[in-house]
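Report on the structure given below.
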Amino acid sequence: MGISRRKFIGCLGALALGQAAGVPGTAKGAAGKEFSGWPDSLGVLHDITKCIGCRQCESACHRVNNLPAPETAFDDLSVLDQKRRTDADVFTVVNRFDSDRPVFVKTQCNHCLEPACASACFVKAFEKTPEGAVVYDESLCVGCRYCMVACPFNIPAYEYHKALDPRVTKCTLCHPLLKEGKRPGCVDACPAGALISGKRDELIAYAWQRIQTFPERYVSHVYGEHEMGGTSWLYLSGQPFSRMGMREDLGTKSAPELTAGPLSAVPIVVGLWPVLLTGVYAISKRKEKIAAQEKQAAVEQAVVQSRKQAQDQLETLRKKWEQEKQSAINFEVKKALEEAAAKDPEPSQTKEDE
Amino acid sequence: MTDNGGQTVRKLWTPFNVIVGIILAVGGVLTLMRFTQGIGAVTNLDNNNPWGVWIGFDLLCGVALAAGGYVTSAACYIFGLKRYHSAVRPAILTAFLGYALVVLALHYDVGRPWRLPYPIFVSQGTSSLLFEVGLCVFLYLTVLFIEFTPAAFEWLGLKKIRAVVVKLTLILTIFGVVLSTLHQSSLGALFMIAPSKLHPLWYSNYLPVYFFISSMFAGMSMVIFESTLAHRYLSRHMDDTHHRQAFGVAMGFAKAAAFVMVGYLSVKLVGIAIDGHWQYLTTGWGMWYLVEVIGCVALPAVLFAMGVREKNLKFVRWAAAWTVFGIVLNRLNISMIAFNYHLPSDQRYFPSIMEIGTSVFIVTLGIVIYRFVTTRMPVLHEHPDYPAH
Amino acid sequence: MNTLFFTLHDFMVHTKGVTYLIMGGILVALPLFWWFLTERDDEN
C-alpha cells in the first residue's frame, strides 16, 4: 500500500520511511465485504514516553471548546494524584501512573474508524467524518445513553444535571479546526512533542518506525491500530498499555461487526415467522374441521342406524301383529265353521257344551 | 382487596387505597424533581454507568414479563388451544399495560423524552439494535391496543366496530408474535456491542436467543402468577368459564413453561461450551451465575414438573413466582450486576432510593389501572351479549 | 450498488434501512397473498 504525502499537516518531521505502511484497521461486513475507512483521514499519535504531565493540552482543550473553567487551575498538578475520566465539561484528562518513574497518559475520545457510539445510536446523532473526527449532533439526540454503554473506552459523558436539554459530550478532535487545515488544540499546545497529528496511515508507519529504531524504549504495540477495528488516535508506550488502565482485551472486531449477526437475523424472522405461524394455524384449523366432520359423520351414522333399528323393530312388530291377527282370524273362522257344522247334525252336542 | 364484596358501600380508607395513595404522592414528587432538576438529581447514574434500574428493571423486566400477551394469544388463536380463551384477555391487558408503563418509564430515563418519536419519524439509526427495539415496541404497543379494544367496545356497547376488530384477531396475533420475537431478542442483542463490559458468562452470541426463549416462560409464569393474585383479590369479577378453565390454563402453562425452561438450560449449556467458558464457573462470578441458572431456572422447572404430575396448583403457583423472580434476576445481572464487572467497586452502580421509588411508583400505577379496568370491563368474565367466538 | 461507502457503519445504516422497508412490504404482502390463496376455499 503506497502512502500519499499530499496534504500532510502534522508536525511529523522525520518521516523517512521506506517500508510499507502498517495495515490500517479494516472492518468486514457480513458478506466478507471489507471497509478500510475514509482514505487519508487524520489522526493523532500520542507518545506516552514523551508526556510530561503539564496539562497544557487540557487547558487548550477548554479554551478551544469554550468549556467552563475547572475548580482547580490547570497549572495545579495535584489533580494528577487521583485517577480522572472525561466528564460532561472535560473532554480530555491526563492521568499519572507510577511505576519506577511516573508515566503520564492523555485520555480522550479515540475516534474509532467504526465508532461504537455511532453504531449504537438510534437517531444517527454520531457521524464518522471523512476527516477522521467522530462528531455528535445535539439536535437529534434523545438522551438514551446507549452510546455510553457501547463505548469500549468509556469516553462519552452526559449532562445529568440538566433538566431540559442534557447533551452527550466528548472530544470532537477539533473537527472545525481540522476542516480549516489546522491542528487540534491539544496537539498545538503540547510543549513536549508527545502529540503528533497527521494522516492516520502515515502515523502508523511512523510509530512502527519508532518502535524499530528504539526497541528498548517502546513495547511492540501501537495501541489503536487494530483495537475495536482501529482508532484515529494511536498510542506508543514504554510499558504494557494495560498497566496504564488501557484495556488490551478489547479485540479487533469493530462495533458494527459485533451487531451484524443479530441485525441480519431480524429480516429472517419477518420473512419466515408469518409463514410458519399461518401454517400452524391452518393445520390446527384443519384438524378442527376434520374432527368436526368426523363427529358429524358419526352422528349421522348413528342416526341412520338407530332409525333403521327402529324400522326393523317396527317391521317385526307389524309382522308379529299381522301374524297374530291372521291366526286370530283363522281361529275365528275355524271356530265359526265348527260351530256351523255342529248346529245341523248333532244338536245334542251343544247341550253338552253348555 | 376491598372486602365489601358486592355491597354498594365503597370504603375510601382501605389499607390498599392508603398505601397506593402514599406511593402515588411520592411518585408525583419524584416526577417533579426529575423534570425540574434533571436525571442526576434523583438517580445514582454516572458516566461509567449510564443505565440503571429504570432500564434494567422497568424496561428489560417489564418487557419480558409482559410476554404473556403474545404467548397466550398465540396458544389460543394460532395453535388452536381453545381452553386458554378465558386467559387471553387478562394476558393482553397485562401486556398492554406492561408496555405502556415501559414507555412511561422511558420518559423518565431518557434525557429528552419528547424526542422519543425521533428514531421512527425523524432520523432512523438503522444500524442500532435499539432502533429495532424502539420500532417493534411502538408497533407492538399499537397491536396490543387494538387487540384489547373489543373489551372496551363491549363495555361501551359499540357492536359494529367490535365485530370489525374481532375479524382481525388472527392477523394481529401473528403480527404480535413476529414483533415480540424481534424486540424480545433484540433487547438481549443490545448488549452484544459491549463484549468488554459484560462478564463472559453472561455475554454470548446467543444473547438474543436467550432473551427470546426466556421471555416465553417468563410470559407463561406471569400469567399463572397474575391469575393467582386475581383469584385472591378479584374473584368476584370472574365468571364460571374463567373459574372452570383456570386450573387447566395453569396446568397447561406450567407444563409448557417447564419444558421450555429445560430447552433454555440446554441452550445456555451449549453457550458455555461453545465459548469454552467452563473455567469461569468456579470463580465468584461463576457461583452467582449458577445461583441464577440452577437456583432460579432449573429448580423452579422441577417444581413446575412436580406440580403438573401431582396436579398440585400450589406447587405450580409457587414455581411461577419463583420463575418470575429468576427472570428479574437474569435481566438485572445482564444490565447492571455483571455489567461493568471489571470496574473497581467504588465506581460500580447502586440505585438510589429515589430511583427505586420511581420504579415502585410505576408498578403501582400499573396495578391501579389493571384493577380499574378489570372491575369495569369484561376481562375476567365474558360480556353476556358476546359469547366466545 | 453505485453508492460508495468507506465505513462498514455507513454501509450498514444504508443496507439495514433498505431491509426495514422490505420488511414492511413483506408484512403487508404475506397476509394479502394468503387471502388470495384461500379466498375460494369453501367452508366445508
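The values are calculated or read from the model by the stated rules, or taken from the named source; none is laboratory data. What you see is a predicted model, and the numbers here were worked out from it, not measured in a lab. Note: ideal-geometry Cβ built from the backbone for every residue, glycine included; neighbour counts use all protein chains shown. All accessible areas refer to the heavy atoms of the entire protein, side chains included, with ligands and DNA or RNA removed. Shrake-Rupley method; radii C 1.70, N 1.55, O 1.52, S 1.80 Å.
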(request) May I ask you to verify whether B:Met192 is within 12 Å of chain A (Cβ to nearest Cβ), among the hydrophobic types (A, V, I, L, M, F, W, C) and under 23 Å from the mean Cα position of the chain (by Cα)? (result) yes
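Look at the range B:47-81 and say how many of its residues are part of a helix (DSSP H, G or I), more than 10 Å from chain A (Cβ to nearest Cβ) and within 18 Å of B:Phe175 (Cβ to Cβ).
Summing the residues that are part of a helix (DSSP H, G or I), more than 10 Å from chain A (Cβ to nearest Cβ) and within 18 Å of B:Phe175 (Cβ to Cβ) in the range B:47-81 gives 9.
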(message) For the range B:326-335, check the following and say yes or no: at least one residue is on the phi < 0 side of the Ramachandran plot and open to solvent by 60 Å² or more (accessible area, probe 1.4 Å).
(response) no
(message) Take the conditions more than 8 Å from chain A (Cβ to nearest Cβ), under 30 Å from B:Ser227 (Cα atoms) and part of a helix (DSSP H, G or I) and apply them to B:Val178. Does it pass?
(response) no
(request) Report yes if A:Val275 is more than 30 Å from A:Thr172 (Cβ to Cβ), hydrophobic (A, V, I, L, M, F, W, C) and surrounded by 16 or more Cβ atoms within 10 Å (Cβ to Cβ), otherwise no. (result) no
(message) Restricting to the range B:121-134, give me the number of residues that are facing another protein chain (nearest Cβ under 9 Å), in a helix (DSSP H, G or I) and either without any contact (Cβ under 8 Å) to a residue 40 or more places away in the chain or open to solvent by 40 Å² or more (accessible area, probe 1.4 Å) (or both).
(response) 2
(request) Report, by residue number, each residue of the range A:172-182 that is open to solvent by less than 80 Å² (accessible area, probe 1.4 Å) and farther than 16 Å from A:Tyr136 by Cα. (result) A:Gly181
(request) Answer with yes or no whether B:Lys255 is charged (D, E, K, R), in a helix (DSSP H, G or I) and buried (at least 21 other Cβ atoms within 10 Å of the Cβ). (result) no
(request) Filter the range A:230-267 for residues that are among the acidic types (Asp, Glu), surrounded by fewer than 16 Cβ atoms within 10 Å (Cβ to Cβ) and more than 7 Å from chain B (Cβ to nearest Cβ) and give the result. (result) A:Glu248
(message) It is to be established whether one or more residues within the range A:278-295 are assigned to a helix (DSSP H, G or I), touching a Leu at 6+ places or on another chain (Cβ under 7 Å), open to solvent by less than 100 Å² (accessible area, probe 1.4 Å) and modelled with pLDDT of 90 or more.
(response) yes
(message) Every residue in the range A:125-150 that is without any contact (Cβ under 8 Å) to a residue 24 or more places away in the chain and basic (Lys, Arg), please.
(response) A:Arg145
(message) I'm told B:Leu303 meets every condition in (1) in contact (Cβ under 8 Å) with a residue 24 or more places away in the chain; (2) buried (at least 17 other Cβ atoms within 10 Å of the Cβ) except one. Can you identify the failing condition by its number?
(response) (1)
(request) Tell me which of these B:Trp114 doesn't satisfy, since it passes every other one: (1) within 30 Å of B:Met354 (Cα to Cα); (2) hydrophobic (A, V, I, L, M, F, W, C); (3) within 14 Å of chain A (Cβ to nearest Cβ); (4) open to solvent by less than 10 Å² (accessible area, probe 1.4 Å). (result) (4)
(request) Could you figure out which of (1) within 13 Å of chain A (Cβ to nearest Cβ); (2) under 30 Å from B:Leu45 (Cα atoms); (3) in contact (Cβ under 8 Å) with a residue 60 or more places away in the chain isn't true of B:Tyr84? (result) (2)
(request) Within the range A:212-229, track down each residue that is of a type outside the set (D, E, K, R) and in contact with a strand residue (DSSP E or B) (Cβ under 7 Å, 6 or more places away or on another chain). (result) A:Tyr218, A:Val222, A:Tyr223, A:Gly224, A:Met228, A:Gly229
(message) Let me spell it out: the conditions are (1) without any contact (Cβ under 8 Å) to a residue 24 or more places away in the chain; (2) buried (at least 16 other Cβ atoms within 10 Å of the Cβ), and A:Thr92 meets all of them except one. Which number is the exception?
(response) (1)
(request) Report yes if A:Glu159 is under 19 Å from A:Pro39 (Cα atoms) and open to solvent by 10 Å² or more (accessible area, probe 1.4 Å), otherwise no. (result) no
(message) Suppose we filter the range A:214-229 for residues that are open to solvent by less than 30 Å² (accessible area, probe 1.4 Å), in a loop (DSSP other than H, G, I, E, B) and among the aromatic types (Phe, Trp, Tyr); how many remain?
(response) 1
(message) Where the second residue is open to solvent by 60 Å² or more (accessible area, probe 1.4 Å) and not in a helix (DSSP H, G or I) and the first is closer than 28 Å to A:Glu159 by Cα and lies in the range B:19-41, which pairs have Cβ atoms under 6 Å and are six or more apart or on separate chains?
(response) B:Gly38/A:His161; B:Gly38/A:Lys162; B:Gly40/A:His161
(request) Considering only the range B:138-165, state which residues are within 21 Å of B:Val373 (Cβ to Cβ), of a type in the set (A, V, I, L, M) and either open to solvent by less than 30 Å² (accessible area, probe 1.4 Å) or free of Cβ contacts under 8 Å to residues at least 40 places away in the same chain (or both). (result) B:Val143, B:Leu144, B:Ile146, B:Ala151, B:Ala152, B:Leu156, B:Leu158, B:Ile161, B:Val165
(message) Return the residues of the range B:93-117 that are assigned to a helix (DSSP H, G or I), farther than 20 Å from B:Ser180 by Cα and in contact with a Phe, Trp or Tyr (Cβ under 8 Å, 6 or more places away or on another chain); say none if nothing qualifies.
(response) B:Tyr108, B:Asp109
(message) Of the conditions (1) open to solvent by less than 70 Å² (accessible area, probe 1.4 Å); (2) away from chain A (no Cβ under 13 Å), B:Gly38 satisfies every one except a single condition; which number is it?
(response) (2)
(request) Starting from residues that are within 21 Å of B:Met222 (Cα to Cα) and among the polar types (S, T, N, Q), keep the ones in the range B:340-389 and report whichever is surrounded by the fewest Cβ atoms within 10 Å (Cβ to Cβ). (result) B:Thr375
(message) So, B:Tyr210, is that one more than 7 Å from chain A (Cβ to nearest Cβ) and not in a helix (DSSP H, G or I) or not?
(response) no
(request) Considering only residues that are within 23 Å of B:Ala258 (Cα to Cα) and among the β-branched types (Val, Ile, Thr), look in the range B:179-231 and name the one that is most open to solvent (accessible area, probe 1.4 Å). (result) B:Val209
(message) Here are the criteria: (1) without any contact (Cβ under 8 Å) to a residue 40 or more places away in the chain; (2) in a helix (DSSP H, G or I). Tell me which single one B:Tyr203 does not satisfy.
(response) (2)
